[in-house]
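For reference, the structure is listed below as structure tokens.
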Amino acid sequence: MNTLAWRVIKWAFIVVLVGMAIHTPVTVFVESRWPDYELLAKSWKEIVLGGVLLLLVWQAWRAGKLSELLRDKFVIVTALIAALHVVLLLAFDNSYVSELAGLLIDLRYYLLFVELYVAARLMPGLRRPMLMAAAVGCAVVIGFGVLQATILPKDILSPLGYSNETIKPYLTVDLNDHYIRINSTLRGPNPVGAFAVLTLSLLLAWTAARRIALRGMWQRIVWAGGALGSVIVLYASQSRSAWLALVAAAGALLVGILPKRTALYSVAGLAVVGALLVGGLFALRDNPTISHLFFHSNPAGGSPEKSDQGHWTSLQHGVEAAANAPAGEGIGSTGSASLLSHSPVIIENQYLFMAHESGWLGVVLQLLLFGLVLIGLWCGRRDWLLLGLFAGGVGLALIGLLLPVWVDDTVSLYWWGLAGLALGSSAMIKPYGQHKKRTRHQKAKRTT
């Protein structure tokens, strides 16, 4: 498997995982200075993944594994999702540019998932370099986020082209400059918070698996630095959905690690504490600090429409659109892709976002794939990577109720890509072509 084609595939994955950590600053820089190359700068990763797909198909065909791959449940469901999107492109007459952008946004993380899944099954030893590449990317995002939250000026990203016309260098809580929300190297505070939840889930799962082996000084330094940095970034993002997601991810980790009875009591206790905390926050909502942090409302003024009102309005519109259009409104009809058309629509719910783009059938297929992936991760939870991704997936699924979490390319590519890698390289799943041999037990001949 150490052929030139496989080396190209491996390095292409590394470039994507590391490159996504700085993707947003680079694209903003290009967009602000050379707008004619904006589309190319934003779609470089999709171009790379398209080339990887061709190489993978070729390598699978040469190895005689292509027919077996085409019968795999993950490959089949992913192919059905892609086929539905192609049909919808033909069925609806939306703006060409918005359709292209929507197609890339909707399918890129599924493409990376199935590519890393197949590559890990066909290429032993892929897991370690991919995890190292992901660790480098996480270090960049979390490390810069910590600096942005502590010592760097709040508008440090402005010289790169961050502005009201591209991406704001930072946000505030309801127009209050005393409550800064950082972007790090992602597209906004909410994606940064979601990314921190994923990082913390993996670190906690890694610690649980290596709690005895984690005795070396450097291991402790790396873990403590990563965990502390992720907590700082999570707080500085001021993302309430990410805070809730961390609680959900922690509960999923407890269920995966502890014995059933202990896990049940722990989750029940976590729910009780959470309910008491929510009740206390509502009782103290007139406190300025509580109002800013947990309700994103500035008692001294702020924006005319508060954050919670915007979420509620978007939810109502999304439900109404999904009910009135069972087949959806077509690819590129909502989100950032729709901003390229004459009728932009913003829906702040991942599942209603799917329904608006691909209809009820699209939602069913995508939730089916997501469910299959979570089940696969749960079944392999003795592996820390699968456990961490399962917990992180639970948290990100919760964020999806409040925000289109998969629209952010870094968050979606990291979770789905690592999930494909984990499932493909899991020791609980036999490599392609290796089947359990049946043995026949012949009856001993009776001797007389």
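Since every read-out is calculated from the coordinates, none of them should be taken as a lab result. None of the values given here were measured: they were computed from a predicted structure. Neighbour counts run over all protein chains shown; Cβ positions are idealised from the backbone, glycine included.
Taking the alpha-carbon centroid of each part, what is the distance from segment 23-100 to segment 246-287 in angstrom?
Centre-to-centre distance over Cα atoms comes out at 39 Å.
Once the piece of chain linking ILE221 and LEU90 is laid out straight, how much longer is it, given 0.36 nm per residue of separation minus the C-alpha distance between them?
41.8 nm
For segment 4-425, report the % of Cα-Cα distances exceeding 32 Å.
So the pairs more than 32 Å apart make up 37 percent of the total in segment 4-425.
Just to confirm a number: summing +1 for Lys and Arg and -1 for Asp and Glu over residues other than VAL407 whose beta-carbon lies under 15 angstrom from that of VAL407, what do you get?
-2
Hey, fewest Cβ within 10 Å first, where do LYS260, LYS154 land in order?
LYS260, LYS154
Helix-only mean residue ellipticity at 222 nm, the chain, DSSP H runs n ≥ 4 weighted -39,500 (n - 2.57), per residue, nearest 500. What is it?
Result for the chain, helices only: -22500 deg cm²/dmol.
What angle, in degrees between 0 and 90 and rounded to the nearest 10, separates the Cα long axis of helix 73-91 from the longest principal axis of the Cα atoms of the chain?
On a 0 to 90 degree scale, this one is about 50.
List the relative contact order of segment 4-425 as a percent without decimals, with contacts defined as Cα pairs under 8 Å and 6+ residues apart.
Reported relative contact order: 25 percent.
How tilted is helix 189-209 with respect to the longest principal axis of the chain? Cα atoms for both, answer in degrees (0 to 90, nearest 10).
Once rounded, the angle reads 40 degrees.
List VAL222, VAL141, VAL278 from most exposed to least, where exposure is judged by having the fewest other Cβ atoms within 10 Å.
In order of increasing Cβ crowding within 10 Å: VAL278, VAL222, VAL141.
Using 25 Å as the Cα-Cα cut-off, could you pick out the over-long pairs in LYS42/LYS65; LYS45/LYS154; LYS10/LYS65?
LYS42/LYS65; LYS45/LYS154
Going by the alpha-carbon gyration tensor, a ≥ b ≥ c the square roots of its eigenvalues, is segment 92-218 rounded (a/c under 1.5) or, if a/c is not under 1.5, prolate (a/b greater than b/c) versus oblate?
It comes out oblate by the Cα gyration axes.
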